[in-house]
Every structure is written in C-alpha cells, then in structure tokens.
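Read-outs throughout are calculated quantities, based only on the coordinates presented, and are distinct from any laboratory measurement. Just so it is clear, the model here is predicted, and its values are computed rather than measured. When we count neighbours, we look across all protein chains shown, and the Cβ atoms used for this are built from the backbone with ideal geometry, even at glycine.
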Amino acid sequence: MLTLRLQHVSLGYTKKTVIHDITFEALPGEMLGIIGPNGSGKSTIIKGISHVITPSSGHIFLDGLNVAAMSRENLAKLVAVVPQNPVLPELFTAFELVLLGRTPHLGLFRYETESDYAIVRHAMQLTNTIDLAERRIGELSGGERQRLTIARALAQQPEVILLDEPTAHLDINYQVETLDLAQNLCRQQGLISVTTLHDLNLAAQYCDRLILLHNGRIHSEGTPENVINVQAIKEVYGADVTIYPHPMNNLPTTYIAPQRSTVTQSK
Amino acid sequence: MALEVIRGNAITKGAVNYASLHRSRIYAIAGLALLLLCVITITIAIGSSDIPLTTLFNAILSKIPFLDIEQTWTSTIETIIFQIRLPRLILAGLVGAALAVAGTSYQGLFRNPLADPYLIGVAQGAALGAVTGFLLPVAWHIASIPLLSFLGALVAVGIVYLIAKVGKTLPMTTLILAGVALGAFLSAITYYLMIASGDKLHGIIAWLLGTFALTSWWQVAVVTPYIIVGIVIIWLHARPLNVMQLDEDQAQQLGINVERVKLILLIAATLITAAAVSFCGIIGFVGIIVPHAVRLIWGPDHRFLLPLATLSGAIFLILADAAARTVLAPTEIPIGVITAFVGAPFFLYLLRQKKRAIF
C-alpha cells in the first residue's frame with residue numbers, strides 16, 4: 001500500500017525555518033486535514049511534499065522513495081497540488097488550463113492525444129466545469145478558477161492530492177461540493193489526500209484525521225473529536241470558543257461568540 | 001491504479017474540437033511559410049533596378065545543379081540578385097525571426113507583456129560594444145563592430161545574471177531590475193562616447209537605428225548557426241513555456257524543472273538576440289510587437305506561437321527592409337524607423353479590433 005511519510009521534517013525559506021521536526025503519515029483512502037492559525041506552516045508542508053522547497057532536515061517518503069531525490073516529472077505523476085492563490089494565464093481557455101495537468105505524462109516532445117482530451121474532459125465533468133471549457137480564464141470567477149485547478153490536479157491522475165485551502169474562495173454550496181468531491185475521490189480511488197483548512201467545522205466534517213499545527217510544530221493529532229476541543233483551540237488560536245456536537249453526526253462543531261454577545265450575557 | 005474513473009470515458013458534452021483548432025493553426029504555419037517565399041521573391045525583384053520575375057526564376061533555377069539554363073541576363077543582374085539582394089534579405093529574415101522568437105520567449109518567461117529581447121541588457125551591451133568598435137581604426141570596423149557588439153551583449157547579460165542569481169534560483173523580477181539598472185549604466189558610457197566620437201557620430205546613430213546595407217554572404221554565414229540553433233532550442237521548450245505561464249511553484253508541481261528551463265531559454269534568447277544585432281544594429285519594435293500580434297491572432301499556445309512568430313518576424317523585417325531601401329531611394333531609411341513607423345499603427349489597429357485582454 002502506497003504511503004506518504006514525513007520523518008522529522010523541518011522546512012523553511014532561506015533565513016527562516018517554518019516547520020520544525022514534524023513526523024506524520026498519510027494513508028490511501030483517508031482524508032487527512034491540517035489545521036492551524038495563519039502562519040503556522042500549513043502551506044509550507046504542502047510545498048515540502050510537492051518538493052517546491054527541500055527539507056532542511058528529515059525526509060519525505062512516498063512509497064519508500066525520497067521525494068527530494070525524485071525527478072520533478074516523476075513526482076508530478078504521483079503528487080498533484082491545488083494551490084491557494086495560483087497565478088493563471090488569463091488568455092488560456094479553461095480546457096487548455098486543465099490540459100496542463102497532462103504535462104508530466106507528456107514530457108517535452110510528445111503531443112497530447114485523444115485519450116488525454118478524454119481524461120481532461122472527465123476531470124472537468126467531475127468538478128462541474130465542463131461547460132466552461134471554451135471560456136477564457138480571465139472571464140471566470142474565483143470559484144470557477146478554483147474548481148479548474150482541482151480539475152487540473154485530477155488530470156494529472158495522481159496517487160496523492162494536496163489541497164491548500166481548497167474552500168477559501170468558494171461560496172457555501174461549492175465548499176460542500178468541493179470537499180464532497182475530494183472525499184469521494186479519496187475514498188473510491190484510494191487517493192492519499194492532505195488538505196489544509198481554515199474552517200474548523202469543515203475540517204471536522206470532512207477529515208478522518210486532523211493535525212493541529214502550532215508555530216510549525218504538531219500540537220495534537222487524531223480524530224476531529226480528539227483534536228478539536230476548547231482547550232486546544234484556546235492554546236493554539238488564542239480564541240475562546242464553544243464546541244457542541246453536530247446535531248446530525250455528533251462531530252465537534254465550533255461556535256464563536258463576538259465580544260458584544262458575551263458582554264450582554266454577563267449582564 | 002488510481003483514478004480509473006477518469007480514464008477512458010468518452011464524454012460528448014462540452015467536447016472541444018481541439019484537433020480542428022490545431023489543424024487550423026498548422027494551416028496558418030504553412031500559409032505563413034508560403035507567404036515568406038512570396039515575400040522573398042518579390043523583394044528580390046524590386047529595388048533601384050527592377051528585375052522581371054521570369055529572369056529572376058531562371059537565374060535562381062540556373063543555380064540548381066544539372067539544370068541547364070542559358071544565361072540571358074547580364075552579369076550585373078546576376079550580382080544584384082545573388083551578391084546584393086539575396087544575402088541582405090536572408091539576413092533580414094533571420095534577424096526578424098530571431099528577434100520575434102526571443103521576444104516571445106522573454107514575454108513568456110517573464111510573464112510580462114512589456115518584455116522584449118532587449119529587456120535585460122542585450123541592447124545596451126551591444127550598443128556600447130559597437131560604439132567602441134566604431135572608435136577603433138576604420139580598417140578594423142568590418143570585424144570590430146559586430147564582434148564587440150556581440151561580446152558586449154553577452155557580457156552585459158552575463159553580469160545581470162550573476163547579480164540577480166540567488167543561490168540556485170533566479171528571481172525574474174530581480175533579473176529585470178538588474179537588467180534595467182545595468183542598461184542605464186552602460187548607456188551613460190555609450191552616450192558619452194558618442195558625444196566624444198566627433199565625425200563618427202552619424203555612422204554610430206545609423207547603426208543604432210539598424211541597417212542591412214552592405215550585407216554580404218559571410219555575415220549571413222556567421223550569424224546563421226547561432227540563430228538557427230537558438231531558435232530550435234527555444235521551439236523545443238514550447239511546452240514548458242506554456243506551463244510557466246502559471247507561477248513557478250505550479251510549474252514545478254506539474255513536473256517542470258523551472259530553473260533549468262529559465263536558464264536554457266535565457267541563454268538561447270540572449271545568444272540569438274546578440275547574434276541578430278551584431279551586424280545590423282539595435283532594430284527596435286520587432287521583438288515586442290510581432291509576438292503580441294501573433295498572440296492576438298492565433299492565441300497563447302507557445303507550440304504554435306513560436307513557429308508563427310518566427311515566420312511573421314522574418315516576413316515583417318524583410319518587408320521593412322525592402323521599404324527602407326526603396327521608399328526614398330537612393331537614400332536608405334534606417335530600418336528601426338520603418339519598423340516603428342509602420343508596425344506601431346498596425347499594432348494599434350489590432351489592439352482596437354480585439355477588445356479583450358491581450359496577454
């Protein structure tokens with residue numbers, strides 16, 4: 001079974017280490033979520049696994065192979081990323097954008113074939129973007145672009161999909177649709193999926209296992225019930241919240257209370 | 001193993017007929033190649049002494065071995081065709097192709113519509129080298145000007161590269177800024193030398209504006225290898241250039257070795273630009289406008305954009321050179337004047353036609 005394993009990994013940029021000595025494993029078919037405040041290093045982990053940055057210490061293994069030692073092309077056949085704020089070429093059509101997902105399979109010289117087009121069309125169907133195929137990226141909304149980058153990741157036919165804040169630009173309908181899609185792919189295709197999320201409630205609803213980051217280290221790890229609790233949120237986010245089980249599935253649901261309502265209550 | 005769902009299923013809804021779109025672009029390439037041949041033929045024929053097309057065809061056919069064609073034309077015409085006009089317009093075509101391809105790859109590489117082949121110091125380095133060449137004894141000019149211009153361009157870009165490099169990576173914004181700053185520095189020296197050059201000033205300005213007068217075969221022979229090899233290398237990187245229209249992180253995550261592609265394209269584009277300007281001067285406008293015009297008409301896919309720009313650049317500069325030597329004959333107009341004077345209105349017209357994002 002394919003596994004993704006981070007072993008004592010530290011990651012960072014030229015002068016600053018962002019992630020300190022973290023170790024975890026992700027398994028096929030399991031939705032692994034990474035949560036934590038702004039700047040806690042969520043996106044840096046995604047960049048490390050996709051080898052945009054190289055660990056300053058420790059190793060990232062995919063199926064026993066060291067990610068930093070693989071060729072970019074071979075890595076891109078296995079690992080696809082849906083980045084948070086991607087630059088997308090405005091003049092490309094949506095179809096051309098998703099077709100870029102075929103890059104690692106084509107190499108420098110091969111021309112794409114009908115089977116590549118079929119893969120692209122299917123990826124666009126799954127993400128509900130097929131109707132946009134001939135539209136130019138410049139004309140599309142943030143949510144549509146987000147779904148197209150997911151389609152592009154699917155067109156890579158990866159074993160691992162890394163989603164960096166996939167719901168950030170989406171309205172509530174597409175938030176649910178996107179995470180349903182991620183969950184289905186993960187379950188049915190046995191993909192390894194690592195998703196960073198801001199929204200604790202979405203994280204609780206969709207992820208089988210959560211890693212809570214605090215200043216670049218793992219604060220706690222486990223099922224949503226184990227990780228999301230009042231004390232942990234206070235420690236990591238510095239926020240006072242109330243947590244109740246969700247009425248439909250008992251998963252922990254975080255409620256915030258603005259300052260004025262607590263003031264009113266105490267009167 | 002993964003994503004079987006995605007494999008195979010034929011879906012008709014929203015199916016884009018890319019095969020036909022690609023076919024139409026391939027027809028465009030073939031059409032432009034044909035147009036290039038026509039333009040070459042016509043521009044050989046016109047000039048201070050017009051040559052009838054039948055004479056021209058016979059003269060060209062007579063050069064093919066084993067084809068026995070009686071020479072019915074004078075040796076003057078023979079010289080005009082083969083020693084004066086043909087090398088000149090072949091050089092113009094090569095230079096136009098080189099500048100257009102270099103401009104396309106710089107615009108793609110920097111993801112910046114303002115990029116042109118002279119962006120990171122090639123022009124200023126070449127100008128300083130050429131002006132230095134002019135200041136040497138006149139007898140050396142024929143070799144000193146192109147050689148020093150070529151070396152000046154390469155050294156300037158080399159310095160810019162070394163300044164901008166951070167460890168193993170090359171931040172593109174730093175590269176542009178370093179190019180602009182070093183360019184200003186080199187221009188300061190060039191301007192001073194020009195003021196101090198006395199009676200050579202006219203020749204220097206003519207070179208800076210570009211000219212193909214006095215082109216002969218040896219010049220074509222010298223620049224051809226650089227330009228052909230450079231253009232082929234850039235063509236081969238059309239797919240990575242497409243992917244690099246995303247940001248660098250995404251390009252890496254799609255399997256592109258970004259730093260290697262940047263380096264290869266920078267070297268190739270710099271070499272062909274340096275070779276192109278070394279004999280004929282800093283011809284402006286071709287390298288920025290031809291790529292945009294081609295992109296406006298045929299779209300942003302570099303696999304078609306690069307060959308289409310190659311052909312369009314060649315056609316554009318051959319025509320511009322024909323205008324330069326015929327419009328005010330016997331006086332030659334500097335070619336840089338023609339490219340901007342005719343090219344700019346045409347480009348503005350295209351901009352008006354397509355009222356959408358152009359890059």
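A few remarks follow.
- Annotation: extensible slack from B:L236 through B:Q71 equals 55.1 nm (criterion: 0.36 nm per residue apart, minus Cα-Cα distance).
- Reciprocal mean inverse distance between Cα atoms of the range B:199-333 - Kirkwood radius, Å: 16.8
- With the largest listed first and rounded to whole Å, the semi-axes of the equivalent ellipsoid of the range A:135-267 from the Cα gyration tensor are 30, 19, 14.
- Our summary gives the range B:288-347 a relative contact order of 30 percent, counting only alpha carbon pairs under 8 angstrom and 6 or more residues apart.
- Within the protein assembly as shown, percent of DSSP bridges classed antiparallel, to nearest 5: 60
- Here is how the number arises for chain B: DSSP H runs of 4 or more residues each give -39500 (n - 2.57), the sum is divided by the residue count, and the result at 222 nm is -23500 deg cm²/dmol.
- Entries of A:K15/B:K165; A:K15/A:K77; A:K42/B:K165; A:K16/A:K234 with Cα pairs more than 23 Å apart: A:K15/A:K77; A:K42/B:K165; A:K16/A:K234
- Among the helices of chain B, those built from whole DSSP H runs whose Cα atoms reach 30 Å or more along their own axis and whose mean Kyte-Doolittle hydropathy is at least 1.6 are B:141-164, B:172-195, B:258-280.
- One equal scatterer on each Cα of the range B:114-161, no solvent, Debye formula: the resulting log10 I(q)/I(0) at q = 0.13, 0.29, 0.32 Å⁻¹ is -0.29, -0.92, -1.02.
- Straight-line cross-link partners of B:K200 among the aspartates and glutamates, defined as a Cα under 20 Å from its Cα and at least 8 positions apart when in the same chain: B:E332.
- Summing Cβ point charges (Lys, Arg +1; Asp, Glu -1) relative to the Cα centre of the range B:21-144 gives a dipole of roughly 480 debye.
- Cβ-Cβ FRET estimate between B:A184 and A:L27, R0 fixed at 60 Å, reported to 0.05: 0.55
- Amide H contacts of A:S220: A:L212, each under 5 Å away and 5 or more positions distant or on a separate chain (H built 1.01 Å from N in the peptide plane; Pro and chain starts excluded).
- Residues considered: B:A153, B:A275, B:A323. Largest GNM mean-square fluctuation over chain B, using C-alpha springs under 10 Å, is found at B:A323.
- In Hz, Karplus ³J(HN,Hα) per residue of the range B:68-77 (6.51, -1.76, 1.60; θ = phi - 60°; x = Gly, Pro): 8, 10, 6, 7, 9, 10, 6, 5, 5, 5
- Residue ranges B:125-135, A:208-218 sort as B:125-135, A:208-218 when ordered by packing (mean number of other C-beta atoms within 10 Å per residue, highest first).
- Placed amide H near A:I34: partners under 5 Å, 5+ positions off or other chain: A:T195, A:T196, A:L197, A:I211
- In this structure the amide hydrogen of A:E112, modeled in the peptide plane, comes within under 5 Å of no amide hydrogen from residues 5 or more places off or on another chain.
- Normalised by the number of residues in the range B:251-359, the average gap of Cα pairs under 8 Å and 6 or more apart makes the relative contact order 28 percent.
- Residue among A:N128, A:V81, A:H105 farthest towards the positive dipole end of the range A:63-174, charges placed on Cβ: A:H105
- Computed on the Cα atoms alone, the convex hull of chain B gives a volume of 185 cubic angstrom per residue.
- Computed magnitude of the charge dipole of chain A (debye, nearest 20; Cβ of K, R +1, Cβ of D, E -1): 620
- Here each label is just a point 7 Å from Cα along the line to Cβ, and for B:H22 and B:A213 those points are 4.9 nm apart.
- For the protein assembly as shown, pairs of C-alpha atoms spaced more than 39 angstrom apart make up 43 percent of the total.
- Inter-probe distance in nm under a simple model that places probes 7 Å from Cα toward Cβ, at B:T331 and A:E90: 4.3
- With a cut-off of 13 Å between beta carbons, the residues surrounding B:G96 carry a summed charge of 0, where Lys and Arg count +1 and Asp and Glu -1.
- Legend: calculated FRET efficiency, B:I60 to B:A30, from the Cβ-Cβ distance at R0 = 25 Å, rounded to 0.05, equals 0.70.
- Sequence-distant aspartates and glutamates (8 or more away, or on other chains) whose Cα lies within less than 14 Å of B:K262: B:D247, B:E248, B:D249
- Distance between modelled label sites at B:I228 and B:Y191, nm, 7 Å Cα→Cβ extension: 4.2
- Mean separation of Cα contacts under 8 Å (6+ apart) over length of the range A:109-267, as relative contact order %: 13
- Positive dipole terminus of chain B, leading residue within B:P307, B:L36, B:L193 (C-beta point charges): B:P307
- Note on the range A:7-77: the alpha carbon radius of gyration divided by the globular reference 2.2 N^0.38 Å gives 1.10.
- Distance from the Cα centroid of the range B:65-140 to that of the range A:199-254 is 67 Å (rounded to whole angstrom).
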